Structure formats: structure tokens, C-alpha cells
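Here the structure comes first, spelled out in C-alpha cells, and everything after it is commentary.
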Amino acid sequence: MIWTIGSFVLFTVLVAVISGIATKDDKQDSADGYFLAGRGLPGFVIAGSLLLTNLSAEQLVGTNGQTWLVGMSPMAFEIVAAPCCIVLALYAAPKYLKSGITTIPQLIGLRYDRSTKLVFSIAYIVLYLVVQIPVILYSGSLVFENIFHVSDMLGITQFQSIILLCIVISVVGSLYAIVGGLKAVAVSDTVNGVGLLIGGFMIPFLALSKLGNLSAGESGVHILKGWQYLVENYSDMLNSIAPLQSSAPSVPWLTVFTGLIFLGLQSWCTHQSFIQRVLAAKDLKEAQKGALYCAFLKIIGFMYLALPGIIAFAIFEIQNNQVDMMDAAYPQLIAEVVPTPIMGFFAAVMFGAILSSFNSVLNSVNTMFSMDIYKEFIRPDATEIQCVSAGKKAGWIFAVCTTIIGPMVYFFPSGLKTFLDSLVMLIALPVLTAVFGGFFFKYLPKYAAKVIMVIHIICYGSFLLIAPNYPGTTDSIHYLYAVLVLLPVELLIMFLMNRRNKANHPELTAWEQKAANVVDMTPWKHRKLCAILIIICCVAVYAFFSPIGIGTWAYTQPF
């Protein structure tokens, strides 16, 4: 345990030192300097920061827990992210950088009006503070409780341990997000990203080695034997194609190309904490490189975000120590397969991933509060230094609030990932509609985005509360079907409002996006080739984990 704690502290301090050195000469007395890292991030830093912003313990614990329960279909969340990154690189990033914006609500304000900007800013902030950051805190605490057994060490209950760990993660993460600004967050993301790729990829190989040892004794190469045993005995769980009437956390195959794409576009193309990295690029070329590099990283993410869950199920079955809840599968696997000498390094990598998501979202909340609410509505005459100061002060308040809410996720038994993904669409989908609809339809009335938000919250909120079942079954209809229906309906409503407004006001001119000329807008010359390669890789991975590859059908539900 002393070696584990020592190596954990060493790597964590190393990341902090590197971040400190990289940002010691940065000027944080301007909005761009503090919130957008001086608009100077290169592509590889953007890619690493995007990956780590997306990847945290709720991903590692949640997605692997889902595959432990239902098989490989949840890997769709990782694979579908890749084409969404293509949309970010080729369509969204040029639009955002052209406007020179700092936040997504700022863009919504430019397209509609100030009151719409305020509504979406408040909705975004509430969503992050009440849902997203608390889930990040809780999932990170759960991992560390299972690795270090803090409750046993201190003689407290597991819930008390989670409260303590939420406080620790919040304090350390807040120091990065509030004191260091986006540059410190991005640099630490890059360093932790390298460690995460090393540590994350260790897990499936270590787990396969143990599975091979359990299933074949001392003979043969354990990793190969483990893989052979997995394919021969659990090929049904290695099938990523789930039936149409699947309930969460399974992903029905039809929703992979529809509802999940919509959810992915929301995450990668309009989520403030993701977009803020792209907005901080030194030019369009680097922004596109970062998004496309990240797409490749997401494609291989199934190796450490989905496959370990299947291996864990097989190992626990042989050992007869199967866990009783999905969110416990991955932490128990780590505790069983990671050797003691490298446990500290892996824990530090996990800690970095947790911190990355926490401080990224917290930094985005601070940015939106400062630029979209404080500067716009509370103190319009505030200088940039005052805006930065207000963001830092608000950040500490926000951190305290989320730390109080975080441990409460303990009482949601449906699973971290399902809870987060289903609830986040309550606000996130209207943002996607407002942004993309605003680009598509040039004659929308100023109130259009607010109408869409009200309609969506009523319809989607009702769906979550009613939780209807598939006809003739007791299985709940997957929330991605609601997303599948609502986005086209909302865009249709926007289309009708656009046509009606144009007909009633013939004097209106089409809305045009104004160029801010903030960064060089020359695109990356290899962007289209990379996009084609990404799509080919996505198809190849899906084919491999399907009945035409190593998977087999195991469902009786209709397809």
C-alpha cells in the first residue's frame, strides 16, 4: 500500500509540476488568456484535452459496467463519437471560429437575442452543476474507494468515504480550473492523456492474461488463451448489434445511426466544455487536426471502455464472485488484475482523468457565468480583469455546490452512464437544435430557440417521468428513441417558423454570420482524407464485433 500511494503521489505531482511550468508565464488578465488559453493551443493538445474532457471515471466505470451487464452494444457511444468529431472538424469548428465566440450561449445570443442567450446560459449552468459534475465526482470517488478501500483504512462507511473523496477531488480539480485557467487544464489533460492510454490499455491485456490463467492453467500464452476462451464462451456478449426493443443500457441498432448520432453531435459539437478547446485553437487548421486526431483515439476507445466489462464478467463467473451491480464491475476488475507495483500509477492516471472532466466542466461553467451572465447582465461595464475575477469567485461557489450534490448519485441504482446520458438530453438537445437550426434557417424569429426549449423540456421530461414500455413487454422504451423522434420534430417546427416568419415579413433579410477575423481560417489540407479513414475504421470495428465477425446472436427480441 505504501508503494501504491507513493507512486500515485509521484505521478500526480509530476503532472502538476509540468502544468505549472507550462503556464507560469501565461497572462491571465484577459478573457482570452484565462478562458481560451490565449487562443494558442496546437492540434495535439486539443486532441488530448478533448479526449480527457470526455473520458472520466463515469465513462470507465459506467461503460464497462454496461458491457458487463448487456454485452458490447454500449461501445456504440465510443465509435459514434468519431463521425461526430468529423462534423466538428469540417462544419462546426469553421462556423465557431469565424464568429470569434467564447461560449456556445454567446453564439446563440448572436443568432437570436440577449434573452435567449440568458435562458440557455442558465440552463447549461444548471445542467452542469446538478447533473454532470456531480456524476463525475461520484464515479471518481467510487473508483478510489474500490482501489484504496478508504472506508476500511479510516473505519468509516462506504458512503462516508465517497463524501470524503468527493471533497478531495473537488478541491484539487478546482485549483486547476479556477487558479490555472484553461491552459493549465489543457496541459494537464495532455500529460494525463498519455498516461491514460498506457494505463487504460493495460487493463484488457492484464484481464485477458488472468482469464487465460483461470481457464487454461499454466499452459500456453495466457493472453491468447484468455481471448480464445472469451470468444468461444461469450461470443453472444461480444456482439454489438442489439435488438430494436432493447432497453438502456443496451443500444438498439437503429438508434446507433439516429438517436445516438444526435446525442453525439450534441456532445462533440455544442457541449461547452468540448467546444472551448476548439475555440482555443491558434487557427482553424489546428482545430481541425485536434478534432480528427481525437476521432481516431475514440475509435480505439472500446479497448479500455467496453471490452474489459466482458472480460470481467467471464472472470467473475469462473471465480464465482460475480458483482451485484454494474458500477462495481470495473473497479473490482482493477483491484484483481492490476499488480501492486503499478497500482499507484494506474490510480494516478484515473485521478487525472477524473480531474480532467471535473475541471474542464467547471472551467466552462465559470466561462459562461463570466462572459454570458456577469458581463452581459450584471456588470456590462466590467473590464476583462474583473470578468476573470468574477469567474474565479463564482467557480469556488459552484465547486462547493457540486461537492454537496455529488455523493447523492450513490442512491441512483440504474447506473452512472445511463443516468447521465438520459438526463443530459433534457437541456442539451434544444442547444443542438438552436445552434444547427440557426445556421440552417436564415429567417427564424428571435423567440424560436426559446419555443423549442419549452416544447422539448415538456415532451422529453414527460417521457422520462412516464417511462413507457415497448408494446406487449415490461421493458422501458430506450431514451434514444425519444431523441430520435424529437430532434427531427423540433427542426420541422423551426422550418415552419422560418417559413412563416419569412412570408409574414417580406422585408426581412437572411441572417448572415459575421466574420470576427480572430484567427487564421485556412483549413487543414488533409482533413477530408482523415475523415474517410475514420469512417472506414468505424465500419471495420463494428463489423468485427458483429455476427459477421466474432459476435453471435443471443437475442429473442424482434430485430
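The values are calculated or read from the model by the stated rules, or taken from the named source; none is laboratory data. Remember, it's a predicted structure, so these values are computed and weren't measured experimentally. All Cβ positions, even for glycine, are placed from backbone atoms using ideal geometry, and neighbour counts span all protein chains on display. Side chains included, ligands, DNA and RNA excluded: accessible areas come from the protein's heavy atoms. Shrake-Rupley method; radii C 1.70, N 1.55, O 1.52, S 1.80 Å.
Select from the chain the helices, each a whole stretch of DSSP H, whose alpha-carbon atoms run 30 Å or more along the helix axis and whose Kyte-Doolittle mean is at least 1.0; answer none if there are none. Intermediate results must be reported in sequence, preceding the final value.
Details: long enough: 2-23 (32 Å, 2.10); 181-216 (51 Å, 1.16); 340-368 (42 Å, 1.17); 384-405 (31 Å, 0.95); 416-440 (34 Å, 1.78); 479-504 (37 Å, 0.88).
Once both thresholds are applied, what remains is 2-23, 181-216, 340-368, 416-440.
Tell me which label goes with the value of mean projected area of the Cα convex hull in nm² computed from the coordinates here: [x] 29.9; [y] 35.1; [z] 26.1.
For mean projected area of the Cα convex hull in nm², the calculated option is [z].
Go ahead and estimate [θ] at 222 nm for the chain from helices alone: -39,500 (n - 2.57) per DSSP H run with n ≥ 4, summed, over the residue count, rounded to 500. Could the numbers behind the result be given before it?
Numbers: 27 runs with 384 residues, N = 559.
Per the formula, -22000 deg cm²/dmol.
Against the empirical 2.2 N^0.38 Å scaling, what ratio does the C-alpha Rg of region 191-283 come to?
Rounded to two decimals, the normalised Rg is 1.58.
Identify all lysines with a Cα-Cα distance to residue 210 below 22 Å; exclude those on the same chain that are fewer than 8 residues away in sequence.
225
If you wrap a convex hull around the alpha carbons of region 273-336, what volume per residue comes out, as a whole number of Å³? The partial results should precede the final answer.
Numbers: hull volume 6.3 nm³, N = 64.
Here the figure is 99 Å³ per residue.
Could you tell me the center-to-center distance, by alpha carbons, between region 93-129 and region 485-559 in angstrom?
20 Å
With every protein chain left in place, what is the accessible area per residue of region 367-497 in square angstrom, probe 1.4 Å? Don't jump to the answer; show the numbers that get you there.
Working: 5720 Å² over 131 residues.
Heavy-atom accessible area per residue stands at 44 Å².
Going down the list 98/393; 117/528; 375/525; 393/442; 117/514; 289/502, which pairs span over 28 Å between their C-alpha atoms?
Check vs 28 Å cut-off fails for 98/393; 117/528; 375/525; 393/442; 289/502.
Could you list which residues have their amide H under 5 Å from that of residue 469, counting only those 5 or more apart in sequence or on another chain, with H placed in the peptide plane?
Distant-sequence amide H within range of residue 469: 477.
Given a 1.4 angstrom probe, what's the average accessible area per residue across region 257-307, in square angstrom? Numbers along the way, then the final one.
Numbers: 1000 Å² over 51 residues.
Here the residues of region 257-307 average 20 Å² of exposed surface.
Taking the highest mean first, how do the peptides 280-293, 102-115 order by number of other beta carbon atoms within 10 angstrom per residue? Show your work: numbers first, answer last.
Details: 280-293: 24.6, 102-115: 21.5.
Ranking, from highest mean packing down: 280-293, 102-115.
What would the Debye equation give as log₁₀ I(q)/I(0) for region 41-81 at q = 0.19, 0.23, 0.28 Å⁻¹, counting only Cα atoms as equal point scatterers?
With one equal scatterer per Cα and no solvent, log10 I(q)/I(0) is -0.62, -0.77, -0.94.
For region 341-459, what log10 I(q)/I(0) values come out of the Debye formula at q = 0.18 1/Å, with one point per alpha carbon and no solvent?
Evaluating at q = 0.18 Å⁻¹ gives log10 I(q)/I(0) of -1.20.
Taking the highest mean first, how do the peptides 431-443, 300-312 order by number of other beta carbon atoms within 10 angstrom per residue?
Numbers: 431-443: 20.9, 300-312: 24.6.
Top of the packing list down: 300-312, 431-443.
How much of the accessible area of the chain, in percent, comes from carbon and sulfur atoms when a 1.4 Å probe is used? Walk me through the numbers on the way to the answer.
On the way: 14240 of 20950 Å².
Solvent-exposed carbon and sulfur of the chain make up 68 percent of the total.
Taking H placed 1.01 Å from N in the peptide plane, check which residues at least 5 places from residue 41 or on another chain put their amide H under 5 Å from its amide H.
281, 282
Per residue, how much accessible area does region 68-182 show when a 1.4 Å probe rolls over the protein heavy atoms, in square angstrom?
28 Å²
log10 I(q)/I(0), Debye, Cα-only region 316-408, no solvent, q = 0.13 Å⁻¹?
-0.66
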